[in-house]
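In what follows, a single structure is set out as structure tokens and then discussed.
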Amino acid sequence: MVALMALAGLICGRFIGALADSYDEDPPHYDQGRARLLARSPRTSVWRAAAPAGGAVELVTAAVAALVAWRLGLPYVPFAVIGTALAVIDWRTCLLPDAITLPAYPIMVVALAPTGELPRALAGGAALTAVYAVLWFVKPDAMGLGDVKLAGLIGLAAGALGWQAWIVAAFCGQALGALYGVALLLTRRGTRHTQFPFGPFMLLGASTTLCLGW
């Protein structure tokens with residue numbers, strides 16, 4: 001099963017790379033919060049140079065899909081693949097497309113149904129969406145609504161594993177983003193006002209938490 005999921009991830013990685021390229025060339029500015037971030041911050045000088053190449057995207061997707069299948073089982077593989085796609089696109093464009101995020105909700109609900117933990121997953125999704133909605137309301141220039149929508153997906157996946165996993169996943173995303181911001185300051189690649197995509201750190205924190213079984 002793990003090998004099969006790795007192969008599926010490799011195939012999906014090809015589509016993810018092409019999809020990321022299409023958004024990179026012509027990013028849709030449907031998220032006004034994100035549009036303001038792009039207008040205020042020269043993203044190319046801070047993170048775009050570090051965007052993964054197409055081959056790397058395929059390998060990363062395969063590895064993440066295999067790891068999640070091994071550690072958590074098939075119900076969580078859709079989250080791994082969708083999360084990789086969103087992380088790559090957000091890293092390259094500072095945008096989290098609704099065309100991917102919103103359909104991921106019913107996909108995740110169907111995938112998590114066999115776990116028997118769907119009620120708690122739905123509660124976790126709603127709770128983390130609410131937390132990020134408050135953060136966005138307090139400081140809308142610091143993040144886009146795409147981050148709020150992504151938080152719901154992370155809450156779904158983490159909530160199905162338990163509230164401890166939910167708490168750690170939510171904290172790890174914030175901690176990793178903060179550490180990256182500090183690293184930019186220390187290396188003088190950015191200032192306190194430099195904007196960078198937060199979605200990849202949210203997803204990395206969640207995936208690490210889930211795979212470690214917290």
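Taking all protein chains as they are arranged and a probe of 1.4 Å, the heavy atoms of K139 leave approximately 130 Å² accessible to solvent.
Got a sec? What order do D141, D90 fall in by accessible area at 1.4 Å, biggest, i.e. largest, first?
Working: D141 70, D90 0 Å².
Ranked from most to least accessible, the order is D141, D90.
Can you tell me the order of 156-165, 126-135 when each peptide is scored by its average per-residue count of other Cβ atoms within 10 angstrom, highest first? Don't jump to the answer; show the numbers that get you there.
Working: 156-165: 22.4, 126-135: 17.4.
Peptide ranking by packing, descending: 156-165, 126-135.
Applying Stokes-Einstein at 4 °C and 1.567 mPa s to the Kirkwood radius of region 150-191, computed over alpha-carbon pairs, gives a translational diffusion coefficient of 114 µm² s⁻¹.
If the convex hull of the alpha-carbon atoms of region 48-135 is projected onto planes in all directions, what is the mean projected area in square nanometres?
On the way: hull surface 26.6 nm².
Approximately 6.6 nm², given one-decimal rounding.
If the segment from V182 to D98 were pulled out straight at 0.36 nm per residue, it would be longer than the present Cα-Cα gap by 27.3 nm.
Annotation: E117 carries an accessible surface of approximately 70 Å², with a 1.4 Å probe and no ligand, DNA or RNA atoms counted. What is region 66-214's relative contact order, in percent, from Cα pairs under 8 angstrom and six or more apart in sequence? Here the relative contact order equals 29 percent.
Of W91, W136, the order by accessible heavy-atom surface (1.4 Å probe, DNA, RNA and ligands excluded), from most exposed downward, is W136, W91. Computed on protein heavy atoms with a 1.4 Å probe, the accessible areas place V182, V110, V77 in the order V110, V182, V77, largest first.
The fraction of accessible area contributed by carbon and sulfur in region 96-173 is 78 percent, rounded to a whole number (1.4 Å probe; ligands and nucleic acids excluded). Among the protein heavy atoms, those of M1 account for about 120 Å² of accessible surface (1.4 Å probe, every chain in place).
The values are calculated or read from the model by the stated rules, or taken from the named source; none is laboratory data. What you are looking at is a predicted structure, and each value in this text was computed from that prediction instead of being measured. All Cβ positions, glycine included, derive from the backbone under ideal geometry; neighbour counts span all protein chains shown. Quick note on the areas: whole protein, heavy atoms, side chains included, nothing else; ligands and nucleic acids left out. Shrake-Rupley method; radii C 1.70, N 1.55, O 1.52, S 1.80 Å.
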